[in-house]
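**Q** If you scroll down you'll find the structure; I have some questions about it.
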Amino acid sequence: MDKVVLAYSGGLDTSAAIKWLAEKYNMDVIALTVDIGGVSDLPAIQQKALKIGAVKALTVDARETFVNSFIFPALKANAIYEGQYPLATALGRPLIAKLLVEVARKEKAVAVAHGSTGKGNDQVRFDVSVATLAPELKVIAPAREWGMTREETIAYAERHGIPVPVKATSPYSIDENLWGRSIECGVLEDPWVEPPEEVFAWTRSPSACPDQPEYIEIGFVSGVPVSLNGEEMDGVTLIQKLNELAGKHGVGRIDHVESRLVGIKSREIYEAPAATVLLKAHQSLEAMTLTKDQLRFNQKVSCEYADMVYNGLWFTALRHDLAAYVDSAQRNVTGTVRMRLFKGNCMVVGRKSPVSLYDYSLATYDKGDIFDQSASPGFIHVWGLPVRIQAKVQGSPEQ
Ligand code: ARG
């Protein structure tokens with residue numbers, strides 16, 4: 001019998017998909033659960049897949065790859081979609097797609113499958129990634145094909161003896177990994193309604209935060225965070241610790257009316273404590289170690305990079321080449337950033353770098369100033385030359 005490898009989360013849709021794929025496509029289903037930071041009990045998920053009827057249930061701990069090959073490249077690029085969304089889900093999908101392809105090749109499967117619906121961005125990210133990496137594989141998206149409402153899916157699951165997780169009866173649709181958590185649906189679909197406290201799981205409400213601020217120091221080498229409070233640690237640990245620490249201080253709540261690739265505006269709530277802290281720290285270190293021209297150019301790259309990640313174009317030549325530029329541009333983004341976490345805010349309060357472009361003797365208004373102020377009139381004379389000529393010939397537009 002033909003085989004299909006299904007990206008299996010253990011949730012309602014992908015559980016129903018195991019049965020549905022076997023029935024509708026008459027294929028052997030291999031379930032693949034990828035841990036990129038949002039999975040609680042891998043063995044339990046594995047058992048569940050087998051119980052529902054998967055012929056094999058595989059798991060991969062891909063957290064390290066996720067951090068080093070997806071999250072950190074995006075952090076170095078300051079990739080934030082529409083100025084708000086740090087792209088947690090968008091970064092996770094291409095990695096899951098890559099692992100699906102790897103398993104499909106090993107197991108000689110003819111298809112891969114994922115749980116995305118036909119209305120979102122995730123289908124695009126999976127389909128385009130697989131098509132790039134393994135054009136010979138068919139991609140099946142059961143939830144895009146079966147035309148069942150959520151209630152009908154629950155009924156389908158119950159009919160087939162699939163245990164319906166308590167989470168499936170909650171009105172919210174949630175996705176999470178190391179870089180953040182997203183919450184959609186229910187009352188959140190009214191963009192005027194303030195998110196109820198119950199949607200948040202990683203961040204405290206500002207009113208429940210500690211009354212004392214907490215200071216932290218993040219060390220970067222060439223744009224990559226390598227230490228927290230002076231202690232060197234691997235990326236996975238650093239992000240986990242920051243999610244906890246910053247979440248405790250209510251940092252990282254985002255409320256975004258977002259422009260989906262498929263044309264829909266959707267209201268998304270995110271919790272991204274570590275991403276919020278690290279992106280802010282990284283940007284402040286760049287401000288100290290890069291020139292004005294580099295900073296301006298990097299903003300354009302950030303914007304392109306974020307759009308490509310969001311739009312499912314991770315495995316493309318342009319994304320790859322932009323990443324090479326970003327890596328090169330990060331070689332001097334080294335130093336330490338000091339931040340204050342307090343009641344929902346994180347503020348940069350200090351930064352230092354062995355290759356800082358900040359020069360005290362140039363900046364100071366006190367004794368020790370070496371800036372030659374007598375050179376300024378000459379500079380201004382030349383700088384203002386085109387402006388003066390234009391005003392003389394054409395007059396000033398303000399008059
Ligand atoms: N809107 C976000 C994105 O497109 C989050 C999507 C969350 N996905 C989900 N299946 N709940 O990246």
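**Q** If packing is taken as the mean number of other Cβ atoms within 10 Å per residue, what is the order of 4-12, 391-399, highest first? Intermediate results must be reported in sequence, preceding the final value.
**A** Numbers: 4-12: 23.7, 391-399: 8.1.
The peptides rank, most packed first, as 4-12, 391-399.
**Q** Against the longest alpha carbon principal axis of the chain, how many degrees, from 0 to 90 and to the nearest 10, is the axis of helix 42-52 turned?
**A** 40 degrees
**Q** Okay, next question. Considering only Thr169, Thr117, Thr336, give the residue with the highest GNM mean-square fluctuation for the chain, with springs between Cα atoms whenever their separation is below 10 Å.
**A** Most flexible of the set in this elastic network: Thr169.
**Q** Mind checking which of Tyr305, His256, Thr89 is farthest towards the positive end of the chain's charge dipole, using Cβ charges of +1 (Lys, Arg) and -1 (Asp, Glu) about the Cα centre?
**A** Tyr305
**Q** Assigning unit charges at the beta carbon (Lys, Arg +1; Asp, Glu -1) and nothing else, what dipole magnitude in debye, to the nearest 20, does the stretch 94-231 show about its Cα centre?
**A** Numbers: 13 positive and 21 negative charges, 176 e Å.
Charge dipole, the stretch 94-231, about its Cα centre: 840 debye, nearest 20.
**Q** With a cap of 15 neighbouring Cβ atoms within 10 Å, and only residues DSSP puts in a loop, list the trypsin sites (Lys or Arg not before Pro) found in the stretch 1-108. Working shown, then result.
**A** Working: sites: Lys3, Lys19, Lys24, Lys48, Lys51, Lys56, Arg63, Lys76, Lys98, Arg105, Lys106, Lys108; in loops: Lys108.
For trypsin sites (Lys or Arg not before Pro) across the stretch 1-108 that sit outside H, G, I, E and B with at most 15 neighbouring Cβ atoms in 10 Å, the list reads Lys108.
**Q** Suppose every K and R has +1 on its Cβ and every D and E has -1 on its Cβ; what is the size of the dipole of the stretch 279-351 about the Cα centre, in Debye to the nearest 20? Walk me through the intermediate numbers first.
**A** On the way: 10 positive and 6 negative charges, 102 e Å.
With Lys and Arg at +1 and Asp and Glu at -1, about 500 debye.
**Q** Express the accessible area of the chain per residue in Å², computed with a 1.4 Å probe while the remaining protein chains stay in the model. Before the final figure, lay out the partial values.
**A** On the way: 20110 Å² over 399 residues.
Result: 50 Å² per residue.
**Q** Round to a whole number: what % of the accessible area of the stretch 204-272 belongs to carbon and sulfur, probe 1.4 Å?
**A** Working: 1470 of 3000 Å².
For the stretch 204-272, the apolar C and S fraction of the accessible surface comes to 49 percent.
**Q** For the chain, build the charge dipole from Cβ charges (+1 Lys, Arg; -1 Asp, Glu) around the Cα centre, then report which of Ala157, Pro195, Gly335 sits farthest towards its positive end.
**A** Gly335
**Q** How much net charge surrounds Ser222 when only the other residues with a Cβ under 9 Å from the Cβ of Ser222 are counted, with Lys and Arg +1 and Asp and Glu -1? Could the numbers behind the result be given before it?
**A** Details: positive: Lys76, Arg331; negative: Asp327.
Its environment carries a net charge of +1.
**Q** When Lys and Arg each count +1 and Asp and Glu each count -1, what net charge do the other residues less than 11 Å away from Leu362, Cβ to Cβ, add up to?
**A** On the way: positive: none; negative: Asp359, Asp369, Asp372.
Charge balance near Leu362 sits at -3.
**Q** Quick check: the angle from helix 385-394's long axis to the longest principal axis of the chain, C-alpha only, nearest 10 degrees?
**A** 90 degrees
**Q** Run the reach check for Lys119 against aspartates and glutamates, Cα to Cα strictly under 15 Å, same-chain hits fewer than 8 apart removed. What comes back?
**A** Cα-Cα hits under 15 Å: Asp13, Asp127, Glu145, Glu184, Glu189, Glu258, Glu268.
**Q** Would you mind checking the tilt of helix 12-25 against the longest principal axis of the Cα atoms of the chain, expressed as 0 to 90 degrees and rounded to 10?
**A** 50 degrees
**Q** Additional query: Over the heavy atoms of Asp122, what accessible area does a 1.4 Å probe trace out, to the nearest 10 Å²?
**A** 40 Å²
**Q** Using 18 Å as the Cα-Cα cut-off, could you pick out the over-long pairs in Lys76/Lys300; Lys241/Lys352; Lys3/Lys106?
**A** Working: Lys76/Lys300 14 Å; Lys241/Lys352 22 Å; Lys3/Lys106 11 Å.
Long pairs (Cα-Cα over 18 Å): Lys241/Lys352.
**Q** Packing-wise, with mean Cβ within 10 Å as the measure, how do 243-251, 320-328, 190-198, 352-360 rank, highest first?
**A** Details: 243-251: 22.6, 320-328: 14.1, 190-198: 10.4, 352-360: 12.4.
Ranked from most to least packed, the peptides come out as 243-251, 320-328, 352-360, 190-198.
**Q** Report, for the chain, the % of DSSP beta bridges that are antiparallel, rounded to 5. Could the numbers behind the result be given before it?
**A** On the way: 36 of 53 bridges.
Restricted to the chain, the bridges split so that about 70 percent are antiparallel.
The values are calculated or read from the model by the stated rules, or taken from the named source; none is laboratory data. Values in this document were obtained by computation on a predicted structure and should not be read as measured data. No Cβ is skipped: glycine too gets one built from the backbone with ideal geometry, and neighbour counts run over all protein chains shown. These accessible areas exclude ligands, DNA and RNA; they are computed on the full protein's heavy atoms, side chains included. Shrake-Rupley method; radii C 1.70, N 1.55, O 1.52, S 1.80 Å.
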